[in-house]
Amino acid sequence: MIHQNRRKELLSQLDDNAVVVISTNPEQFRNGDVTFAFRPHSDFFYLTGFQEPQAVAVISADNYVLFLRAKNPEREIWDGERLGLADAPKVLKLDSALNIDALNERLLQLIKPESVVYFDAKPCELDLKIAELLSEKGFESVQAPLHEMRLIKDDLEISIMQKAADISVVAHEKAMKQVAAGMFEYQLQSVFDAHFVSHDSEHAYTPIVAGGKNACILHYINNDQVLKDGELVLIDAGCELGYYASDITRVFPVNGRFSEAQKQIYQIVLNAQLAAIASIKPGVSVQQPHKIACDVIQQGLQTLGLLTQDESLSKFYMHGTGHWLGMDVHDVGKYQQDGQPRVFEKGMVITVEPGIYIRKDAKINPVYHNIGIRIEDDVLVTDTNNTVLTGNLAQTINEIETLMSKN
Ligand code: GLY
Ligand code: MN
Ligand code: MN
């Protein structure tokens, strides 16, 4: 029902004669004939609820058709059961199911002279073929209205995102309790691998487990170095559950106790994050959390003498303060409307993730060298305020040290 309502809602925003053509993701090879686990395209799943590869939906007000793989007993022995054409109409509330192998001959038959076609081609073979078939008729993008819908999460989506957040929170807690000097970063990663899989979820993105100076590499994913006594470890890891992502970063001391210098930098980032989160509510500009985080970090670094008034903050803080979160970790949805920053609305979910990264630099007091801190939580905009979906995870210095002292 939920997917049917979404299709109806989308069509209500399009031309009366709209026909939306949308395909799922292609299967991806890892190497040789080994494929990655299939993950449907978020837009496609959002509208159809169908999880198999090689599928194209054709959606209009009076006809909902799905091209999909036919049953194939031989292939199903190897790859698993397929829904098939006979059962698909009832299960997916289709008007008709057509064989994906007939796409070439049948697609244009579903489009009338008066139809206004909506289609967005992904860079894959199937979409190139569809674009070619539709080229004479022409087509428009459906992304703007569809992604506005995805940006505002309904109650069911929020409940799944809360569950994803809860799973990730527990994994971070386990990592804080299990870390020890001498462990490899990948061993700490394995805490997340095991916890996510055992909760029917998977990594929403490649996790970052970065000890010491590796935390200053923003997209560090090698995760193959030893964790050392006296250093911090930054973990940016979140699970995807039911095609919805969570996204959490925590930084904690490998030996369980922050040094004074580590505490100073950590507290600035935490102050920035808490102030940024406090600003989030309906009607506030989506730029506000970043502006507030930058002000707090600039001020904090100046107080420690690490930054002068004329120096650019980008030396230590060079990324944004957050992004939409949903079916994709960097979720869809515009940040601007009519050339202006938009404002927060109920049902949006945004990450808040300020950071400070201090690489080795002869001009900087060595006690601060190689400290990389980011604190990231997932924030839901509510009626009048916000809720932190990941708010149960230890965050203050005291909370982290206390949690790490328990076994
Ligand atoms: N984990 C990806 C990000 O924080 O944007
Ligand atoms: Mn993030
Ligand atoms: Mn992250």
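Taking segment 342-363 as the range and being among the aliphatic types (A, V, I, L, M), more than 16 Å from ligand 3 (Cβ to nearest atom) and buried (at least 16 other Cβ atoms within 10 Å of the Cβ) as the test, the residues that pass are Val343, Met348, Ile358. Filtering segment 256-293 to residues that are part of a loop (DSSP other than H, G, I, E, B), buried (at least 19 other Cβ atoms within 10 Å of the Cβ) and among the β-branched types (Val, Ile, Thr) leaves Ile280, Val286. Of all residues in segment 28-54, those satisfying the criterion of being under 25 Å from Asp154 (Cα atoms) and of a type outside the set (Gly, Ala, Ser) are Arg39, Pro40, His41, Asp43, Phe44, Phe45, Tyr46, Leu47, Thr48, Phe50, Gln51, Glu52. Scan (1) aliphatic (A, V, I, L, M); (2) in contact with a Pro (Cβ under 6 Å, 6 or more places away or on another chain); (3) within 16 Å of ligand 2 (Cβ to nearest atom) for the single condition Ile235 breaks and write down its number. For Ile235, the failing item is (2). For segment 205-221, the set of residues classified as away from ligand 2 (no atom under 16 Å from the Cβ) and either within 11 Å of Phe184 (Cα to Cα) or under 17 Å from the mean Cα position of the chain (by Cα) (or both) consists of Gly211 only.
Answer yes or no: is there a residue in segment 304-318 that is closer than 29 Å to Ala175 by Cα, assigned to a loop (DSSP other than H, G, I, E, B) and within 23 Å of the chain's Cα centre (by Cα). Among the residues of segment 304-318, at least one is closer than 29 Å to Ala175 by Cα, assigned to a loop (DSSP other than H, G, I, E, B) and within 23 Å of the chain's Cα centre (by Cα), which makes the answer yes.
Can you name every residue in segment 11-38 that is more than 20 Å from Val65 (Cβ to Cβ), of a type in the set (A, V, I, L, M, F, W, C) and outside any loop (DSSP other than H, G, I, E, B)?
Listed by number, the residues that qualify are Phe29, Val34.
Just to be sure I understand, how many residues within segment 352-407 are within 16 Å of ligand 2 (Cβ to nearest atom), charged (D, E, K, R) and in contact with a Leu (Cβ under 9 Å, 6 or more places away or on another chain)? The number of residues fulfilling the criteria is 3. For segment 184-203, check the following and say yes or no: at least one residue is within 16 Å of ligand 3 (Cβ to nearest atom), in a loop (DSSP other than H, G, I, E, B), on the phi < 0 side of the Ramachandran plot and surrounded by fewer than 15 Cβ atoms within 10 Å (Cβ to Cβ). The answer is no; no qualifying residue exists. Given the condition out of contact with any Cys (no Cβ under 6 Å at 6 or more places or on another chain) and under 18 Å from Met404 (Cα atoms), answer yes or no: does some residue in segment 154-165 qualify? No, because not a single residue in segment 154-165 is out of contact with any Cys (no Cβ under 6 Å at 6 or more places or on another chain) and under 18 Å from Met404 (Cα atoms).
Total residues in segment 206-221 satisfying the condition of being assigned to a loop (DSSP other than H, G, I, E, B) and either within 11 Å of ligand 1 (Cβ to nearest atom) or in contact with a Phe, Trp or Tyr (Cβ under 9 Å, 6 or more places away or on another chain) (or both): the figure is 6.
Residue under question is Val226, and the condition is that it be surrounded by fewer than 16 Cβ atoms within 10 Å (Cβ to Cβ), more than 16 Å from ligand 1 (Cβ to nearest atom) and touching a residue at least 40 places away in the same chain (Cβ under 8 Å); does it hold? In short, yes. In the set (1) outside any helix (DSSP H, G or I); (2) away from ligand 2 (no atom under 16 Å from the Cβ); (3) modelled with pLDDT of 95 or more, Val329 fails one condition alone, (2). If I filter segment 322-341 down to residues being within 12 Å of ligand 3 (Cβ to nearest atom) and within 21 Å of Asp295 (Cα to Cα), which single residue comes out as nearest to the chain's Cα centre (by Cα)? Here the residue is His323.
The values are calculated or read from the model by the stated rules, or taken from the named source; none is laboratory data. Source: prediction; values computed, not measured. Every residue, glycine among them, receives a Cβ derived from its backbone with ideal geometry; neighbour counts consider all protein chains shown.
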